[in-house]
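The values are calculated or read from the model by the stated rules, or taken from the named source; none is laboratory data. All values reported here derive from a predicted model rather than from experimental measurement. Glycine also receives a Cβ, built like all others from the backbone with ideal geometry; neighbour counts cover every protein chain displayed.
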Amino acid sequence: MAESKNAEARVDVRDLTRQRIVAVARELYEEKGVQGLSMRLIAKRVGLPTMTLYGYFPNKIAIVRALWSMAFDPLFAAMRKAERAPAEPVQRLSLVANSIVDYWLEHPDLYRLVFLVEDRRERGDPNWYISETDVVASYMRLAPLIAAARGTPDIDCTAAAEALNCALTGIAHMRITVSEYPWAPSASYVDLILAGVIHGPLPARDLASPGQRSTSR
């Protein structure tokens with residue numbers, strides 16, 4: 001029993017240390033940008049030897065990926081909350097779409113961290129971040145919402161969901177990176193985009209599914 005409690009305590013301490021490392025990495029990113037995400041700077045701020053830090057995260061990209069997950073978790077929670085709203089299908093899709101744009105506009109630092117820092121695979125790591133997390137699946141919750149809003153719940157709207165996600169991210173991107181321009185309220189752009197998604201034609205049926213496509217990397 002004592003050994004079990006000691007093991008649990010060690011796990012708790014390790015988890016707390018990992019959380020502290022991620023929190024410090026975010027602080028350094030906010031202070032110094034990408035240059036702040038160095039193993040040496042993070043270790044120094046946390047109070048660990050640099051080599052000890054490698055025992056928690058094997059490289060910088062592993063810390064960046066942990067930061068990405070930290071950024072995505074509240075976004076997907078906001079999307080799920082909007083999806084559960086007592087609303088008609090079109091309004092529900094609008095609520096979810098606006099929750100995506102609003103989240104990034106409320107957290108521009110996280111937007112830059114997620115979309116302006118490139119993922120890469122380190123030696124011995126065969127996977128991309130999006131292939132080992134639920135990010136794609138969470139965004140693809142838009143597909144059945146689009147199908148319901150179009151009045152065609154049995155139609156596969158995966159490609160339409162991808163296009164919508166690109167458009168919503170584009171709204172956030174332009175408002176964050178070109179903030180000096182007098183943009184209209186983001187909700188008005190979302191309405192225009194949703195009008196096309198709901199009432200326009202769906203992508204060609206022969207559009208390859210994500211699993212059949214090749215990447216540019």
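Residues checked against (1) under 24 Å from Tyr29 (Cα atoms); (2) touching a His at 6+ places or on another chain (Cβ under 6 Å); (3) crowded, with 19+ Cβ neighbours inside 10 Å; (4) in contact (Cβ under 8 Å) with a residue 40 or more places away in the chain:
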residue	(1), (2), (3), (4)
Met70	yes, no, no, yes
Asp73	yes, no, no, no
Ser94	no, no, yes, yes
Trp104	yes, no, yes, yes
Asp109	yes, no, no, yes
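Going by the conditions given, is Ala172 surrounded by 17 or more Cβ atoms within 10 Å (Cβ to Cβ) and touching a residue at least 60 places away in the same chain (Cβ under 8 Å)? Before you say what the answer is, go through the steps one by one.
Details: surrounded by 17 or more Cβ atoms within 10 Å (Cβ to Cβ): yes; touching a residue at least 60 places away in the same chain (Cβ under 8 Å): yes.
Considered against the rule, which asks whether it is surrounded by 17 or more Cβ atoms within 10 Å (Cβ to Cβ) and touching a residue at least 60 places away in the same chain (Cβ under 8 Å), Ala172 comes out as yes.
A search for C-beta distances below 7 Å between a residue of the range 111-129 that is farther than 12 Å from Tyr29 by Cα and any residue that is part of a loop (DSSP other than H, G, I, E, B) and among the acidic types (Asp, Glu), counting only pairs 6+ apart in sequence or on different chains, returns Trp128/Asp119; Tyr129/Asp119. Restricting Ile155, Ile146, Ile171, Ile176 to those that are over 18 Å from Phe72 (Cα atoms), over 13 Å from the mean Cα position of the chain (by Cα) and in a helix (DSSP H, G or I) reduces the list to Ile146.
Can you name the residue in the range 132-143 that is surrounded by fewer than 18 Cβ atoms within 10 Å (Cβ to Cβ) and not in a loop (DSSP other than H, G, I, E, B) and is also nearest to the chain's Cα centre (by Cα) among such residues?
Keep residues of the range 132-143 that are surrounded by fewer than 18 Cβ atoms within 10 Å (Cβ to Cβ), which gives 132-138, 140-141.
Still in the list and also not in a loop (DSSP other than H, G, I, E, B): 135-138.
Details: Val135: 6, Val136: 9, Ala137: 11, Ser138: 9 Å.
Filtering the range 132-143 for residues that are surrounded by fewer than 18 Cβ atoms within 10 Å (Cβ to Cβ) and not in a loop (DSSP other than H, G, I, E, B), the one nearest to the chain's Cα centre (by Cα) comes out as Val135.
Against the numbered list (1) crowded, with 16+ Cβ neighbours inside 10 Å; (2) among the β-branched types (Val, Ile, Thr); (3) closer than 23 Å to Lys81 by Cβ, Val117 comes up short only at (3). Condition test on Val64, is it of a type in the set (Val, Ile, Thr), in contact (Cβ under 8 Å) with a residue 40 or more places away in the chain, surrounded by 15 or more Cβ atoms within 10 Å (Cβ to Cβ) and assigned to a helix (DSSP H, G or I)? For Val64, the condition - of a type in the set (Val, Ile, Thr), in contact (Cβ under 8 Å) with a residue 40 or more places away in the chain, surrounded by 15 or more Cβ atoms within 10 Å (Cβ to Cβ) and assigned to a helix (DSSP H, G or I) - is met. Among the candidates Pro58, Pro89, Pro49, the residue that is more than 21 Å from Ala172 (Cα to Cα), surrounded by fewer than 17 Cβ atoms within 10 Å (Cβ to Cβ) and in contact (Cβ under 8 Å) with a residue 40 or more places away in the chain is uniquely Pro58. Checking each residue in the range 116-170 for being under 28 Å from Val34 (Cα atoms) and among the polar types (S, T, N, Q) picks out Asn127, Ser131, Thr133, Ser138, Asn165, Thr169. In this entry, Arg205 is excluded by the filter for residues that are outside the structural domain of Leu142 (by TED's automatic domain parsing), modelled with pLDDT under 95 and either farther than 19 Å from Ser94 by Cβ or out of contact with any Leu (no Cβ under 9 Å at 6 or more places or on another chain) (or both). Residue pairs whose Cβ atoms lie under 6 Å apart, separated by 6 or more positions or on different chains, with the first residue in the range 131-154 and closer than 28 Å to Ala71 by Cα and the second of a type outside the set (Ser, Thr, Tyr) and outside any helix (DSSP H, G or I), are Ala143/Cys157; Ile146/Cys157; Ala147/Pro153; Ala147/Ile155; Ala147/Cys157.
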